1. Determine whether GLN140 is under 15 Å from LEU24 (Cβ atoms), at pLDDT below 95 and not aliphatic (A, V, I, L, M).
2. Tell me whether the range 72-88 contains one or more residues that are modelled with pLDDT under 95 and touching a Pro at 6+ places or on another chain (Cβ under 8 Å).
3. In the range 46-91, how many are of a type in the set (Lys, Arg) and exposed (fewer than 11 other Cβ atoms within 10 Å of the Cβ)?
4. Tell me the residue from GLN169, GLN103, GLN140, GLN163 that is surrounded by fewer than 16 Cβ atoms within 10 Å (Cβ to Cβ) and either in a strand (DSSP E or B) or touching a Ser or Thr at 6+ places or on another chain (Cβ under 8 Å) (or both), please.
5. Which residues, counting only those in the range 34-78, are part of a loop (DSSP other than H, G, I, E, B) and not hydrophobic (A, V, I, L, M, F, W, C)?
6. Somewhere in the range 160-171, is a residue touching a Phe, Trp or Tyr at 6+ places or on another chain (Cβ under 8 Å), at pLDDT below 90 and not β-branched (Val, Ile, Thr)?
7. Mind listing just one residue for me: the one in the range 106-130 that is of a type in the set (S, T, N, Q) and part of a loop (DSSP other than H, G, I, E, B) and, of those, surrounded by the most Cβ atoms within 10 Å (Cβ to Cβ)?
Amino acid sequence: MQATNNKTSNNAVEWMQSGARQFLTFFLNDEEYGVDILQVNEIREWTPITTLPETPSFVKGVINLRGNIVPIIDLRALFNFKSVEYGPTTVVIVLNINNDGQQLVMGIVVDAVSDTHTINQGEIKKSPNCAGSINIKYLQGLVEIEGKLVLLLDIDKLLTDHQLEQIEQVS
């Protein structure tokens, strides 16, 4: 039993040293995106949320998550995508955001969760300046997975400082 634990420990160390990271991928507007799985708190099925007056258009509302008020961000509104009706695959990914050393929990609404993938740092390509309506400042890069390009989001840079201040007032 002890040998197995050492082998597992050694594999984990090798994995960390290789620069490999795991990403949770999801769909939004028929495109696939990824977020670092270490920032994922949980995945929740879509349920009605509490809407708040006078909040930015990208703030869908809030949920009560085990006694904590968590703001829910509508990525479609943030990315200027067309609004759609939520369906049975719509989920909220609850994320831990690092805002200048302070931790913030927020959820993002996505069309569907896809999978988890281990990606080596060398596989991530730099984001082109023509990434469409998505500001490339919150893209870590692009990676090809199973013949498709996946946009890797830098969740800590997803919102501007001003937007983060607005979110912190909500939570």
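1. On the way: under 15 Å from LEU24 (Cβ atoms): yes; at pLDDT below 95: yes; not aliphatic (A, V, I, L, M): yes.
Yes, satisfied.
2. no
3. Filtering the range 46-91 for residues of a type in the set (Lys, Arg) gives 60, 66, 76, 82.
If we keep only those that are exposed (fewer than 11 other Cβ atoms within 10 Å of the Cβ) as well, we get 66, 82.
The total comes to 2.
4. Numbers: GLN169 fails: either in a strand (DSSP E or B) or touching a Ser or Thr at 6+ places or on another chain (Cβ under 8 Å) (or both); GLN140 fails: surrounded by fewer than 16 Cβ atoms within 10 Å (Cβ to Cβ); GLN163 fails: either in a strand (DSSP E or B) or touching a Ser or Thr at 6+ places or on another chain (Cβ under 8 Å) (or both).
The conditions single out GLN103.
5. First, the residues of the range 34-78 that are part of a loop (DSSP other than H, G, I, E, B): 46-49, 51-58, 66-67.
The answer is THR47, PRO48, THR51, PRO53, GLU54, THR55, PRO56, SER57, ARG66, GLY67.
6. Filtering the range 160-171 down to residues touching a Phe, Trp or Tyr at 6+ places or on another chain (Cβ under 8 Å) leaves 163.
Going one step further and asking which of them are at pLDDT below 90, we end up with 163.
From what's left, not β-branched (Val, Ile, Thr): 163.
Yes - at least one qualifying residue is present in the range 160-171.
7. Of the range 106-130, the ones of a type in the set (S, T, N, Q) are 114, 116, 118, 120-121, 127, 129.
Checking which are part of a loop (DSSP other than H, G, I, E, B) leaves us with 120, 127, 129.
On the way: ASN120: 12, SER127: 19, ASN129: 6.
That would be SER127.
Yes/no per residue for (1) in contact (Cβ under 8 Å) with a residue 24 or more places away in the chain; (2) within 17 Å of the chain's Cα centre (by Cα); (3) over 19 Å from VAL40 (Cα atoms):
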site: VAL84; (1), (2), (3): yes, no, yes
site: ASN96; (1), (2), (3): yes, yes, no
site: ASP100; (1), (2), (3): no, no, no
site: GLY107; (1), (2), (3): yes, yes, no
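The values are calculated or read from the model by the stated rules, or taken from the named source; none is laboratory data. None of the values given here were measured: they were computed from a predicted structure. Ideal geometry is used to build each Cβ from the backbone, glycine not excepted, and the neighbour counts take in all protein chains shown.
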